[in-house]
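Contents: one structure, followed by commentary.
What follows is calculated from the coordinates using simple rules that are stated; it is not laboratory data. Note that the structure is predicted; figures quoted are calculated from it, not measured. In this analysis, Cβ positions are derived from the backbone assuming ideal geometry, glycine residues included, and neighbour counts consider all displayed protein chains.
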Amino acid sequence: MTQKKYRYALIGCGFFAQNHLHAWRQNPDVELIATCDVDFEKAKLAAANFGGKAYASAEELFANEDLDFVDIATTPPTHKYMVELAAKYGVAAICQKPLAWDMADAKSMVKAMSDKGLPFMVHENFRFQTPMRKIKEIIDSGAIGRPFFGRISFRTAHDVYSAQSWLVESERMIIVDVAVHLFDLARYFIGEPKTIFTSAHRVNPIIKGEDSATILMHMEDATCIVDASYETKSDHNTYPQTFVIIEGTKGKMMCSTYGANPLLLPTSKTKDITVKESLYRVPGGDRGHYDNWVNACIAGFGSTEFKQLSSPFSIAGPLTESVLMGNLAIRSYDYQVPRAGNANQLDYPGRGIKLLWDGPNMKITNFEPANQFVTRNYRPGYTL
């Protein structure tokens with residue numbers, strides 16, 4: 001009996017979508033049915049290289065094709081529209097990170113897919129990289145004792161703007177584009193944050209948003225610093241470099257780009273301590289992230305494959321909320337009003353205060369101007 005191939009479409013055929021297409025092509029259980037991009041030439045080129053029919057309209061794609069799932073690789077402002085469109089047509093979805101610009105949109109997407117009983121996943125995969133799994137195993141083994149401090153850094157001098165021009169115009173950039181991965185690693189290694197303090201700024205004058213950020217996360221019994229920048233590099237290699245250091249009560253460990261050169265400190269621990277592999281690895285490394293998703297769809301909800309998902313919503317959902325809280329803090333910090341009695345000067349009432357978040361009602365309770373940033377007004381054509 002021939003195994004059914006799962007039919008999928010890719011929406012958004014830009015720079016990162018090429019990685020998705022290559023990864024999906026390695027999975028024998030999936031078949032590319034269609035590509036879609038508002039830039040029809042990009043959709044046609046992707047279809048010519050990888051197969052399927054090209055579309056310029058997502059609505060037209062869903063209306064004309066019989067799909068098992070859709071891979072949404074568009075820019076963040078379009079995610080809500082695309083996910084809810086998939087739900088409307090009864091199609092499972094895997095969506096690029098960040099899931100949403102605000103919590104209202106994130107919850108709306110989850111509800112739309114949940115109400116239809118459809119699988120829904122976010123592309124959030126740093127914690128499933130093999131080196132990061134090894135770090136987690138060492139922490140869990142007790143080799144460095146109880147972790148009480150961590151630092152996770154990201155640096156690159158790679159030109160991210162030439163390949164992803166939308167980043168130049170994005171008013172929120174470094175945190176939602178890359179620091180979201182580091183947030184997740186901090187949670188994975190040390191635990192859920194109780195408070196988050198964020199400082200972000202722009203170094204490159206050609207962009208609208210921030211390109212460098214430092215985030216201080218306080219956990220129950222630990223602290224972690226997350227810092228990311230698109231304007232510096234740590235060695236001669238311009239490609240993205242991720243660095244991790246975790247300090248515990250019995251020692252510390254560190255690794256460099258993509259987990260290379262892992263060390264336990266004191267260095268004698270590196271030779272003396274062997275930790276058995278105990279955590280599931282997604283086969284195929286980063287690109288196995290896609291196979292992991294398809295295998296879970298094939299096996300069904302609650303299956304072993306489902307439990308081994310590299311980024312189920314139980315992980316990606318709280319992560320999205322943490323990231324959005326940081327952005328609310330930044331937007332509130334920069335909020336300006338004319339100074340009373342002198343309209344030529346400005347006051348910043350959102351500075352020096354602790355914002356209080358009411359999760360169930362999705363609002364800041366002690367600084368009303370912040371709530372204008374919780375949701376957004378969409379361009380015509382991007383609402384159902």
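Tell me, what is the FRET efficiency for Asp140 and Ser314 to the nearest 0.05, using R0 = 30 angstrom and their Cβ-Cβ distance as r? Here the calculated transfer efficiency is 0.95. Take the Cα of Arg281, go 7 Å toward its beta carbon, and the backbone nitrogen atoms of region 115-136 under 17 Å from that spot belong to 126-136. So for Asp102, Asp39, Asp184, fewest C-beta neighbours within 10 Å to most, what's the order? Taking fewest neighbouring Cβ atoms as first place, the list is Asp39, Asp102, Asp184.
Among the trypsin sites (Lys or Arg not before Pro) in region 278-384, those located in a DSSP loop and surrounded by at most 11 other Cβ atoms within 10 Å of their own Cβ are Arg351, Lys354.
For Cys255, Cys224, Cys36, the sequence from fewest to most other C-beta atoms within 10 Å is Cys255, Cys224, Cys36. Shown for Asp37, Asp66: other C-beta atoms within 10 Å of each C-beta, ranked fewest to most, produce the order Asp66, Asp37.
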